[in-house]
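No value in this document is a laboratory result; all are computed from the given coordinates. Everything numeric here is computed off the predicted structure, so don't read it as measured data. FYI the Cβ positions are ideal-geometry reconstructions off the backbone, even for glycines, and counts take in every protein chain you see.
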Amino acid sequence: MPKRDFLAIPDFSADDLSHLLDVAARMKDGSDTGKPLAGRTLGMIFTKSSTRTRVSFEVGAYQLGGHALFLSSRDIQLGRGEPIADTAKVLSRYLDIIMIRTFAHAEVEELAATASIPVINGLTDLLHPCQILADLLTMREHIGGWEGKTVVWIGDGNNMANSWINAAGTLGFELRLACPEGYEPDRDVFDRNKDRTSISITEDLEEAVAGAHVVTTDVWASMGQEAEAEARQVAFQGYLVDDALMAKADPDAIFLHCLPAHRGEEVTGSVIDGPQSRVWDEAENRLHVQKALMAELLET
C-alpha cells in the first residue's frame, strides 16, 4: 500500500477527518490506549523554533510507545546545504515517520515526494494543518462540531487563515475572514475552495463576527516577519478581538488562538482569559490529534 502524507487539510477527506477526530477523542478520554508506535521512531525536523509543536509531538510519540528525535537545522546536514531529497532518502532508512516545521512549503512537498515514509507538515509559512485539527476537535467538544456553524478569522491572511480556508472547503462550514487590505490569504488556496462553501473576505470586523460561533485570530507578525512588525502594527490597528466584538457573535461562541498571544494587540486579556476562551483546551488538543494522525498514517 502506498505511504500517505499529511501536508494540508485536503489530504484527508471529510470522512477521514471525522474518523481522525474520533480516534483523537478516544485517545484523549483514555478509551484508546493502543501503542501503534511501539518500536518505531518519529524524526522531528525544525528550522523554526516551537513550544507546542515540539512538546506535543515528542510527548505524543512517547505515549504511543515510540521514540522521537529532535533534529534542528543546526544539528543535521540540511543546515549545511545537503539537498532535501538526499536527507529524505537517508532518514527514510532510519525512521518510521517524519514531522517537519519550516518556512517554505515547497521544502515540505519535496521532502514528502522523496521520502518513502509518511511526512507530516508541522507548520510552513503557507499552512498549519495540525493546528486546525486541534481547533476542529475543540469545536466538536464545545459547540458540537462544525455543521451549520460559522467561523470567523480576524487579522493576517497567514498560514492559519489559509488552513481555515482549506478546512471550510473540505468540511463545508461558513468561513468569514476579516483582513486589512494587502494582508489577504493566499489567492490560490482561496480560489481552490471558494466555490465549495461560503467563504468571504472583508475589512469590516463587526460584519464578519455577527452571529459567528467561533472567533479566532493570531499575532500580527509571525515568526520570520519581525522586520515587518512596525508596518504591521499600523496596518492591523483596530483588528483587536475585545469584549465588545465578542458580544456581536453568537451568545455561545468560543474564542480560539493558536498561540503564542500578544495581549493588548490582537486580543484583550479579558477575552483570551475569559469565559468564552477555549485556547487551553485547543492547545492540549494538539497532543491528541497528532497522536491520532501518527497512528493513522502508520496504519496505511
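In this structure, does Ala113 turn out to be of a type in the set (Gly, Ala, Ser) and farther than 24 Å from His257 by Cβ? Yes: the conditions hold for Ala113. Within region 212-230, the set of residues being under 17 Å from Ala178 (Cβ atoms) and more than 17 Å from the chain's Cα centre (by Cα) comprises Ala212, His213. Put simply, of Arg4, Arg54 the only residue that is basic (Lys, Arg), within 21 Å of the chain's Cα centre (by Cα), surrounded by fewer than 21 Cβ atoms within 10 Å (Cβ to Cβ) and assigned to a helix (DSSP H, G or I) is Arg54. Considering region 106-196, the qualifying strands (runs of 3 or more DSSP E), each wholly inside and each with 1 or more residues that are charged (D, E, K, R), run over 174-178.
Would you say Lys35 is touching a residue at least 60 places away in the same chain (Cβ under 8 Å) and in a loop (DSSP other than H, G, I, E, B)? The answer is no for Lys35.
Taking the options Asp125, Asp96, name whichever one is of a type in the set (Asp, Glu), closer than 30 Å to Val214 by Cα and crowded, with 18+ Cβ neighbours inside 10 Å.
Details: Asp96 fails: closer than 30 Å to Val214 by Cα.
Sole residue among the options that is of a type in the set (Asp, Glu), closer than 30 Å to Val214 by Cα and crowded, with 18+ Cβ neighbours inside 10 Å: Asp125.
In the set Ile117, Ile143, Ile165, only one residue is crowded, with 24+ Cβ neighbours inside 10 Å and among the β-branched types (Val, Ile, Thr); that residue is Ile165.
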